[in-house]
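The values are calculated or read from the model by the stated rules, or taken from the named source; none is laboratory data. Note that the structure is a prediction, hence the values are computed from the model and not measured. Cβ sites come from the backbone with ideal geometry, for glycine too, and all protein chains shown count toward neighbours. Just the protein is used for accessible areas: all its heavy atoms, side chains included, with ligands, DNA and RNA removed. Shrake-Rupley method; radii C 1.70, N 1.55, O 1.52, S 1.80 Å.
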Amino acid sequence: MAKKEEAMLVAEQRKAVFRKEEYEYTHLCYRCVDTQEEFTTTQTDTYNTSQIYNSYRAEHGIPFPDEIREVRSRYGLSALKMSRILGFGDNQYRLYENGEIPNVANGRVLKAIQSAKTFETFVDAARNVLSEAEYASIKKRLEECVNQTYMDRAVYMLIGGGNERSRYNGYSLLSKSRLKNAMLFYIEMFKGVFATQMNKLLFYTDFLSYRESGQTIMGLTFRAIQYGPVPDRWNRIYSLLDDICEVEVECANGNVGNMLVSEMPCDRSSFTDGQLAILERVYETFRNDTPAIISAKSHQEPAWVENKDKHSLIDYRYAFSLKAV
């Protein structure tokens, strides 16, 4: 009987050209253990190209599909109506929502209309494609959006620092909802989580998610400090999220630590099936570890070892060198 050939996943830095510009990315492929031949799969091909597209969008300030969908949802309009207001072809906005990359000019329009005040100028200019009822309804919705956006932006600035998408947040925007529910998930499963322990759980969650899917769950930025990888501005994160509080708990060794607790259950509907699988995998990996043990494991990660001396932000390319998960 012929021996079944084995293959190992290989990650290496490469460069690729997209729209006449060169971008560095982490190339994933499989290498046959016996023959050393390399090959890719549909999944690795998708992941490889998505990194290049992410870099291009970030370089030129072009919104990502989730932002494009969110803007339309916020304004309560159909994709067809958005296209007509912006002067695009009838199907163009929908194509952008589904992943087609806009040219730079259209990308800047899509970025600008994230401001309700800016979008209002497009609405005023497109009155000829709107009925009086539609126009009045949109204007009312935009007025509501201005106030809500201000409050959301204030919290986002305090927690996330207002960072744009980059290799330091996995090219994802901070999701306050998924951050809160990820914390509630671990609090529920562990029956309370020490703050130092939560720092590591969130690190492994977003980095594992990036390694597996090319996207993070929460969009957190992490920094390598003396005690391991922690979310940047982690002290603000824990104090600004509603329904989660810190209580002092005396440990068996006599030390006192801050434990995160909550009476609110995790809203699992805020996650996709794939994201829930990541959370469950992280929990199963560390369910029997004390905070000291999970901290020690994080100190073995190249993500921390290679950045700790300068207390640097951690590039998500380190997701491919995770050891504990």
What nm distance separates the two modelled labels at Phe39 and Ala296, each placed 7 Å from Cα along Cα→Cβ? 4.2
Contour minus Cα-Cα distance for Lys20 and Ala277 (0.36 nm per residue): 88.7 nm
Helix 42-60 axis, angle to the chain major axis (alpha carbon atoms, nearest 10°): 60
Using a probe of 1.4 angstrom, how much of the accessible area of the chain is carbon and sulfur, in percent? 49
Exposure rank, largest accessible area first [Thr196, Thr40; 1.4 Å]: Thr196, Thr40
Given the alpha-carbon gyration tensor of region 199-296, what are the semi-axes of its equivalent ellipsoid in whole angstrom, ordered largest first, with each equal to the square root of 5 times an eigenvalue? 23, 17, 15
For the chain, which longest stretch is free of loop sites, where a loop site is one of the GluC sites (Glu not before Pro) that DSSP puts outside H, G, I, E and B and that has at most 16 other Cβ atoms within 10 Å? 165-262
With the other protein chains left in place, how much accessible area per residue, in square angstrom, belongs to the chain at a 1.4 angstrom probe? 53
Provide, in order from the shortest bin, the percent of all Cα-Cα pairs of region 6-80 in each 5 Å bin, continuing until the bin that contains the maximum pair distance. 3, 13, 18, 16, 14, 12, 9, 7, 4, 2, 1, 0
Just subtract the alpha-carbon distance of Cys32 and Glu100 from 0.36 nm times their residue separation and send over the number in nm, one decimal. 21.1 nm
Based on alpha-carbon centroids, what's the gap between region 81-144 and region 62-80 in Å, whole number please? 9
